[in-house]
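The values are calculated or read from the model by the stated rules, or taken from the named source; none is laboratory data. Just so it is clear, the structure is predicted and the values come from calculations on it, not from any experiment. No Cβ is skipped: glycine too gets one built from the backbone with ideal geometry, and neighbour counts run over all protein chains shown.
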């Protein structure tokens, strides 16, 4: 059947994209789109177009991505699918943000939020509001970003989305640091660590612990920073993330160098081995020089 052929083409496109074969993935997405059209499956065609737009956006082809998103949105509108329209508008907002068309991005995020709210999707609305917060943060409007992140947190909690809440807390902490609110940033990061742990997201937890380590080091809390970097290194190691583990061991060694030089040397040497194993020879050489000094 046409639907089955279209679904197969869509799966093929996703596999090719993951394999790094962008041109063949593009062709498979276009083929899926036409097969859905032949089957008179508007939502399927819209989904294929949205995914094609994602591919073009990641490849830096803004005009092609925008065309695919606009066509997808029209199909979702024809089907009366508010959620699909909202998700596509959010994609358009992210594209406009990337292309520094900030007023367009704000309008698209606002429209997407309205539709997500109308569809009763608190988690989807939270994602849109968080992305809008990123835009305002990048534009230097930190107070506006702060308000949007707090709104996103409320929505994520209402949706019971712990990972969404944790990621928003990380972003919120960054703004708090920019505004000089170090205690608030510390509290946000600690809450994010707990949420990532509760959700079983070891990499999210490790990344947040590293962020917390940098904050504590900047505040002069060396012992606490060492503790966070050590925990982050352990989590990255268990996850098999060589670069992440090496980064944290390097930070750890730098803090230990004055008081525990032998231990610092061990951590530097381990980081060099990990960087080399991960193929980051330039970083391995840099840390080796630092260890020698």
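Assorted remarks:
- Residues located in region 249-284, provided they are over 29 Å from the mean Cα position of the chain (by Cα) and more than 20 Å from residue 235 (Cα to Cα): 257, 258, 259, 260, 261, 262, 265
- Screening residue 20 with (1) touching a helix residue (DSSP H, G or I) at 6+ places or on another chain (Cβ under 9 Å); (2) under 29 Å from residue 134 (Cα atoms) gives one miss only, at (1).
- In this entry, residue 103 passes the filter for residues that are assigned to a helix (DSSP H, G or I) and either closer than 27 Å to residue 134 by Cα or without any contact (Cβ under 8 Å) to a residue 12 or more places away in the chain (or both).
- Selection over region 131-147 of residues that are crowded, with 24+ Cβ neighbours inside 10 Å and either under 10 Å from residue 113 (Cβ atoms) or within 14 Å of the chain's Cα centre (by Cα) (or both) gives a count of 2.
- Candidates are the residues of region 57-94 that are buried (at least 22 other Cβ atoms within 10 Å of the Cβ) and farther than 15 Å from residue 111 by Cα; the one that is nearest to the chain's Cα centre (by Cα) is 65.
- Within region 156-167, the residues that satisfy the criterion of being more than 12 Å from residue 196 (Cβ to Cβ) and in a helix (DSSP H, G or I) are 156, 157, 158, 159.
- Only one entry of 120, 140 meets the criterion of being farther than 18 Å from residue 97 by Cα and not in a helix (DSSP H, G or I), and that entry is 120.
- Residue 108 vs. criteria part of a helix (DSSP H, G or I), farther than 30 Å from residue 5 by Cβ and either under 20 Å from the mean Cα position of the chain (by Cα) or modelled with pLDDT of 95 or more (or both): yes
- Residues of region 172-200 that turn out to be surrounded by 18 or more Cβ atoms within 10 Å (Cβ to Cβ) and more than 21 Å from residue 231 (Cβ to Cβ), as a count: 3
- The residue list 203, 212 contains one member that is in a helix (DSSP H, G or I), surrounded by fewer than 20 Cβ atoms within 10 Å (Cβ to Cβ) and touching a helix residue (DSSP H, G or I) at 6+ places or on another chain (Cβ under 8 Å), which is 203.
- Every condition in (1) under 30 Å from residue 22 (Cβ atoms); (2) surrounded by fewer than 24 Cβ atoms within 10 Å (Cβ to Cβ); (3) modelled with pLDDT of 95 or more is met by residue 117 except one, and the failing one is (1).
- Some residue of region 32-39 being more than 20 Å from the chain's Cα centre (by Cα) and closer than 30 Å to residue 122 by Cα: yes
- Subset tally (residues that are in a helix (DSSP H, G or I) and free of Cβ contacts under 8 Å to residues at least 40 places away in the same chain) for region 56-88: 22
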